[in-house]
Structures are given as structure tokens and as C-alpha cells.
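Notes to accompany the following structure.
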Amino acid sequence: MRLDGEVSADDGRALLQLLGLDRGVVVDNQPGRLSFVGQGALNGPLRVEVKLAAGGLAASANGTAHLFGAEAPAGVLDVTLSAADLRLPRREAAQDSQDKLPVALTARLTAAPGALTLDDLAGTVAGTPVHGRLAAALGAPVRIDGRLDADSADVPALLAAAIGAPAQGSLRGETAFASEPFGSGLFDVARGRVRLGVSRAALTPGLAVRQVRVDVSMGDGEIGLEDIEGDLAAGRLTGAMTLRRVGDGVAMHGRLALADADAAAMLPGEGRAALAGRLTVQVEADGTGVSLATLVGSLTGTGSATLAAAEIAGFDPDAFNEVIRAIDQESSIDAAKVRDIAAAALDRGSLRVARADAAFSIAAGEVRMGTAILHGDGADLSATGHFGLADRQVDARLTFSGPAPVGNAAGRPEVYVAVRGPIGATQRTLDATALSAWLTLRAVDREAKRIDAIEAAARDSATNPGEAPPTASGTAASARPSPATPRPIPPARRRPASPPIRPEASAAPAPAAAPTLPPPINIRPAPSAGGNQTRPKTPGSAGNPPRSAPARPPADAAPAEERSLLDRLFGSQR
């Protein structure tokens, strides 16, 4: 027998509805045509050729099929499919041209009662090469199992298609999530489990996961992404996500962990990386919404981050010393000049941090980080802020603190840095008001110490006249002679030697230097109370002839006891 037939329609969507393909393929409102040819034995194998063309969709099938007879229909066909939009339709009739998902596939189709198997599946989806094998059990809904491998994938676009949202691709550069309501998605279309492997899965224009493996499960109004594994920024990404239909909206629960990733690769931007080191992050979040915008805005959860062996650019620990040296050369402290000097000095180096831990929370679609303190080499950095998931805006405040100088009552010098703007294009603002105040207190403290040193030196000089007074700089070191050269003492400043407590402790002068002393005066002791009291008679008076001078001792007589000069002048006369 030979069988020829053709079905045409002014609206190609009617043909897709006739074939039951309207739930999986979107075509334009253009004329469509379906043709088929069969030749062979009526109750045996038929050579079949089928072609379909309708508003951007072109499909064909060639092979052998058993359509009539005692046995159930079956066959093996080589099929091709080319569609301008294979994305599941949303509830709205209007479609944005940017939402289209072009597909071109070839496969060997094996048809059996109630089952279809696609072997040697290959082609492109949105320009991405794919290959694998799929098996479908026909029913309501269809059950799909198998494996698909792709060279690349746009993760936001695939997730949006799965839950019936407008395309939200990572490569399209959207700055806000769509507020259109969710469509039917894949929740009620299929059930089953597909192992998906992607060589490069793009999350953002500059961030992608390599060698991704994930099990996609579908069933009971739920889509699960289980056993997620991949390499992100040289780190290991693991986790799971569940998307569930709730009324007209979608509920989401996700859990992700990233271990030992390159922090510099995680942050987009040109030039020197703002942050380098090894980053570990854990996060868990939930949310519910009727659109992508409301779903993201409802996210709540918690997480933690650990940074190891880090270098934070733009925070040179030696910046405070440079500012101090520069301001010490000035006659006054100017806040604007302090800010300019500090900004230039901070950019010259980086702060090295061995390890830092931080906790953050997710609420109302914002990631909020509590105060995290990073103890670095020579300085400390504390950070707090938030990041908006919907608008992708960063608002962070950093406090950079240097070491407190020894003996300085002003405390630690600090500067404040504000980081604001979209991720990857943030702007940095420096506030050096606190540093200017610290420099002022330091100057006051130094002046007070200088005045105290001058007053102390003046008191010491009054107590010890031989000490030189301090100079204007607060020290007398420059006015003192070298220890190797004794300083002469003027005669007027010599103090007379104090008399010794014991006369015999003094050194006796040379005999030649001692002057001749008058003879000692002999004083007779007073008579006792019971004896005869007689008045001594003066020389020359009656009864008392004048005494003659005492005779000198002979030369060979023993010398008298040698006495000191002070003893001879002021000692007792015997």
C-alpha cells in the first residue's frame, strides 16, 4: 500500500494542538502544514516520512514503523527538530521575543507501546551543544528518565524556564528580576529523573561553575536539584535546591556550600583584585513568591564565611606611620591634607590576614553581615554591611585601625572607608575625621609631656646647680659636654667643704703650710664646793709676779700630737 496525506491550517498553533505538542513548543501565528507518506505492507513494516512546518517549528521523521496489524504500533525513526522557541509557554498569551529558546536536535527514536526512547541525542539548545539519551513513558503526565550532557548552560535562564518565569539569563545583563507572574513551568508536565552534566554553567557574566553534575527530579508539583557538585573559582561547590508549586506562586528552599575557593575569582572587576585568599561559604535560605522579584525579595536564611591566607588591597598597615611622619613636618593639622595623605598611603599596600570568620543573615532579599573583625599583620580591619540580592547593590562600612603607639594616651589611629555601588563597580569613600582628631590629641599629649620635662629639668637644676637646664626641645643633652671631657666648675660655684664629724678623719696638711699658733691658754679648774676659794691674781698684781714664756722643749724631746688645721683653729684649746 501507499498512503499520502496532508493537513494544513491558517494558524500553525492549531496543528501543534492536534498533535499534542502545544504544551512544549511555542510557534508564531502563521500558516502551518503537516505531510506524511507511508509505503509497504499493510500489516507489515511501512517506510514512513513525516514533515511538519508551523510558525518557526520544523520537524521530520524517517524510518520504518508497524502501524497496522495484530501487534501494537512500533517503529524506529530518525528524527530532527528545529524550533525557534522550545520554552514552556507562560500563562500570558503575549511572548517577549527575547524569551525565546532556540533548539535544534537530532536523535534515533525507538517507539514502543507506551514508551519512547531517544538514543544518540545531539544538537544545540540556545546555541549550546548537548548530547545524551532520554526515555519517556507516555502518560499524563509524561515520565522522563535519562542523562544529558552539555558544553555550557545558562543557569538563571534554565531555572526561569523550569518554574515558568520570563527568561532571566546571566548573560543578558538584567539589573532587576522580572515581576511577571509565574507560568505552569515543568511542575505539571513531566515526572522522572535526569542526570545533568555541564562543562560550564554560567551564574553571572563573569562567574561560572565548571564540571557540574546534578540530579534533576520532577514530580508531584515539585522540581528538585539534588546532589549538586561542581568546581567554582578553584573551590568545591555542593548543595541542593527544591522548587515547589504553592498556589499561584513558587516556594524555594536551597542549601549551598563552597569550600576553599579563590576569593579574587569570586569578585568581578578589572585591575588589581580587591580581595585575595581562600574563601569558604555556607548558606541556607527559603522564600516564596508569585514572581521572580517577589521570590527573591522574600528570601530569608543564615550563613557563614571564612577567609584564610587573605590579602585585602587598599589597606596598607604602614599608612598610619606615613601620615604621622608627614604631619609632624607641618605646623598645623589640616583635615583635608590628612585625608589626601592617608588615601595615597593606603593604596600602596595590602593587609595580610591569616584567618577571619564572619556570620551573615538573609532577610527581605538582603544579605546582612554583622561586625566581622579581621586581625592582620600590623593593623586590624572591622567590616559590616549588606548586599541587595534584587538590585545587586553593596553597602559596606570598614574601619581600619593601626597599632597604638607606646605611651600615647590618644588610643589607636583609625580611618573609615565606605564601599557602595553595584557589585563589580563599587565606589570607595575615605573618611579621615577620626584620624585627624587622633593626630590632634597626639600633638596635645606630646606638648604636655614636653612641658612636664622642662619643668622637671628646671626643678632638678634648682636642686643641683651644676645641671644644665633643658633646651627648647625638652632635653638638656645637647648642652651637656661629652663624658670624655670633664666640665670645669667656676670657683664661685664651689661649695666649702663641710667639717668632718671626727677631727682625726681629716687628712693632715703639710707641716710647712700650717701657721704658727699662739700658746694654749691654761684654765684652772674651779675649786670644789668645800675647798678654799681664792681669786686668781692677774699678772703684775701684788703677790703675782708676771709669768715668763714657757721654755721650748729640747730638740730631742718627743713631738707633740699632730693636729689638723681646722682642729687648731676651732677645736678646744688645752
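Things to note:
- Unique match (being surrounded by fewer than 14 Cβ atoms within 10 Å (Cβ to Cβ) and either of a type outside the set (Asp, Glu) or in contact with a strand residue (DSSP E or B) (Cβ under 7 Å, 6 or more places away or on another chain) (or both)) among Arg200, Arg213: Arg213
- Tally, over segment 402-418, of residues that are in a strand (DSSP E or B) and surrounded by fewer than 19 Cβ atoms within 10 Å (Cβ to Cβ): 2
- Residue list for segment 419-441, filter: β-branched (Val, Ile, Thr), part of a helix (DSSP H, G or I) and out of contact with any helix residue (DSSP H, G or I) (no Cβ under 8 Å at 6 or more places or on another chain): Thr440
- Options Glu322, Glu311; residue that is over 16 Å from the mean Cα position of the chain (by Cα), at pLDDT 90 or above and over 30 Å from Pro166 (Cβ atoms): Glu322
- Of Asp4, Asp11, Asp22, all but one fail to be of a type in the set (Asp, Glu) and open to solvent by less than 50 Å² (accessible area, probe 1.4 Å); the exception is Asp11.
- The set of residues in segment 437-465 being hydroxyl-bearing (Ser, Thr, Tyr) and either under 29 Å from Val338 (Cα atoms) or in contact with a Leu (Cβ under 7 Å, 6 or more places away or on another chain) (or both) consists of Thr440 alone.
- Taken together, the residues in segment 365-401 that are on the phi > 0 side of the Ramachandran plot, open to solvent by less than 40 Å² (accessible area, probe 1.4 Å) and in a loop (DSSP other than H, G, I, E, B) amount to 1.
- Options Ala157, Ala136, Ala122, Ala150; residue that is of a type in the set (Gly, Ala, Ser) and closer than 16 Å to Arg193 by Cα: Ala136
- Of the numbered criteria (1) in a loop (DSSP other than H, G, I, E, B); (2) more than 30 Å from Leu430 (Cβ to Cβ); (3) not charged (D, E, K, R), the one Thr302 fails is (1).
- Verdict on Gln39 being modelled with pLDDT of 90 or more and loosely packed, with under 14 Cβ neighbours inside 10 Å: yes
- Answer residue from segment 272-299, given it is more than 26 Å from Ala259 (Cβ to Cβ) and either of a type in the set (Gly, Ala, Ser) or part of a helix (DSSP H, G or I) (or both) and is most open to solvent (accessible area, probe 1.4 Å) among those: Thr294
- Subset of segment 21-57 (residues that are aliphatic (A, V, I, L, M), under 15 Å from Val103 (Cβ atoms) and in contact (Cβ under 8 Å) with a residue 40 or more places away in the chain): Val25, Val26, Val27, Ala54, Leu57
- One residue stands out in segment 26-36 among those that are part of a loop (DSSP other than H, G, I, E, B) and open to solvent by 20 Å² or more (accessible area, probe 1.4 Å): the one that is modelled with the highest pLDDT, namely Pro31.
- Hey, Ala178 over 19 Å from Ala251 (Cα atoms) and either touching an Asp or Glu at 6+ places or on another chain (Cβ under 8 Å) or not acidic (Asp, Glu) (or both) or not: no
- Thr288 vs. criteria under 23 Å from the mean Cα position of the chain (by Cα), within 23 Å of Ala390 (Cβ to Cβ) and not hydrophobic (A, V, I, L, M, F, W, C): no
The values are calculated or read from the model by the stated rules, or taken from the named source; none is laboratory data. Only a predicted model underlies this, so the values are computations on that prediction, with no experimental measurement involved. Because the Cβ atoms are built from the backbone with ideal geometry, glycine has one as well, and the counts that use them run over all protein chains shown. Note: areas computed on protein heavy atoms with side chains; ligands, DNA, RNA excluded. Shrake-Rupley method; radii C 1.70, N 1.55, O 1.52, S 1.80 Å.
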